[in-house]
Amino acid sequence: MAKLVEVAAAVIERPDGSFLLAQRPAGKVYAGWWEFPGGKIEAGEPAEHALARELREELGIEVRRAYPWVTRVHVYEHATVMLHFFRVVEWAGEPQSREKQAFAWQRLDAPIAEPMLPANAPVLVSLALPLEYAITDAQALGVEPQLARVEARMKDGLRLVQVRDKGHWERSRIIYVVTRMASQYGAKVLVNGGPAADGVHFSAEQLMTLRARPKGGPNCTLMAASCHTVQELGHAMAIGLDFAVLGPVKATSSHPGAALLGWDGFRRIAEGASIPVYAIGGLRPVDLDEARRAGAHGVAMISGAWE
């Protein structure tokens, strides 16, 4: 059996959305291939400590703020590698080539350096997901106010929306109008339970009936689910969904009386997830930093998205 090597990997991000890739130098396995910077975690060493050490040694920068993100496992010929990814958003110093490796700032909307290490390439898909996932609530707001707020938020940069509104008699029109808006502003729309737009969002109950990732249509590229337990999140990962929503973290009017996870509970369940996990439940935009420190990709909000 191939040995297990644990690695701390950094998605070093500038405010303009660009991120750093490094090329493996000559003499190393997969020399010439591109990857996210980082390095091996020593025995007993916390992953965040390894991250700071490796970036200091490899690039000459000091990490100031980094959020735990996804964990990916890949089996190579020489070893099984577990990569603990962090999103590094604040650092001191300018990256330098201390190990004679080439590096380049990349953008998702431009061609990416090739070849990418197999374990790193799927991370680009997750990286494309925005930090906010807004969920409609026309029942509470009214259809016209809800649609007006969706358009206003999309104009302001909102790029991921779930049309929920289960049982609403105007649901079909809401889906139609929101998807038309999304095509205008470059946003993505998932529909709770279907029918598919850019994707489908499954309830926890629907999730646990799935034996494999459903086949979407030609334009249906995203599959996500709501989760409340480690078993549900594990199932979402096992069938290859693109992301999950985990909660409720705080008390919420949409699920009155539900057992609350709190940030500690969220962290325990989301830690080590291989797919991005959004925190949900009574959250507001001001909760984003705390959510990311707990390992969330971002925040999913119902009422908080439209205030």
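See the values below:
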read-out: From the options Ala121, Ala92, residue that is in contact with a strand residue (DSSP E or B) (Cβ under 6 Å, 6 or more places away or on another chain) and farther than 23 Å from Ile280 by Cβ; value: Ala92
read-out: Some residue of segment 68-77 being exposed (fewer than 15 other Cβ atoms within 10 Å of the Cβ), outside any loop (DSSP other than H, G, I, E, B) and modelled with pLDDT under 95; value: yes
read-out: Inter-residue pairs, beta-carbon under 7 Å, first among the charged types (D, E, K, R) and in segment 63-84, second open to solvent by 70 Å² or more (accessible area, probe 1.4 Å), 6+ apart; value: Arg64/Glu90; Arg65/Glu90
read-out: Single condition Phe243 does not satisfy, out of (1) in contact with a helix residue (DSSP H, G or I) (Cβ under 6 Å, 6 or more places away or on another chain); (2) of a type in the set (Phe, Trp, Tyr); (3) buried (at least 19 other Cβ atoms within 10 Å of the Cβ); value: (1)
read-out: Any hit, segment 50-63, residues being surrounded by 14 or more Cβ atoms within 10 Å (Cβ to Cβ), in a strand (DSSP E or B) and of a type outside the set (Ser, Thr, Tyr); value: yes
read-out: Qualifying positions in segment 155-180 - surrounded by 13 or more Cβ atoms within 10 Å (Cβ to Cβ), under 26 Å from Val286 (Cβ atoms) and either out of contact with any strand residue (DSSP E or B) (no Cβ under 8 Å at 6 or more places or on another chain) or of a type in the set (Val, Ile, Thr) (or both); value: Val161, Val163, Val178
read-out: Enumeration of residues in segment 261-297 that are basic (Lys, Arg), open to solvent by 30 Å² or more (accessible area, probe 1.4 Å) and touching a residue at least 60 places away in the same chain (Cβ under 8 Å); value: Arg293
read-out: Residue in segment 30-44 that is surrounded by the fewest Cβ atoms within 10 Å (Cβ to Cβ), counting only those that are within 25 Å of the chain's Cα centre (by Cα) and free of Cβ contacts under 8 Å to residues at least 40 places away in the same chain; value: Lys40
read-out: Number of positions in segment 166-210 that are under 15 Å from Tyr133 (Cβ atoms) and of a type in the set (D, E, K, R); value: 2
read-out: Every residue from segment 110-129 that is in contact (Cβ under 8 Å) with a residue 24 or more places away in the chain, of a type in the set (A, V, I, L, M), open to solvent by less than 40 Å² (accessible area, probe 1.4 Å) and in a helix (DSSP H, G or I); value: Val123, Leu127
read-out: Among residues of segment 285-307, those that are assigned to a helix (DSSP H, G or I), over 20 Å from Asp242 (Cβ atoms) and in contact with a Pro (Cβ under 9 Å, 6 or more places away or on another chain), counted; value: 3
read-out: Output for segment 1-29, where each listed residue is in a strand (DSSP E or B) and loosely packed, with under 14 Cβ neighbours inside 10 Å; value: Leu4
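The values are calculated or read from the model by the stated rules, or taken from the named source; none is laboratory data. What you see is a predicted model; the values in this text were computed from it and never measured. Every residue, glycine among them, receives a Cβ derived from its backbone with ideal geometry; neighbour counts consider all protein chains shown. To get the accessible areas, we keep the full protein, side chains included, count just its heavy atoms, and leave off ligands, DNA and RNA. Shrake-Rupley method; radii C 1.70, N 1.55, O 1.52, S 1.80 Å.
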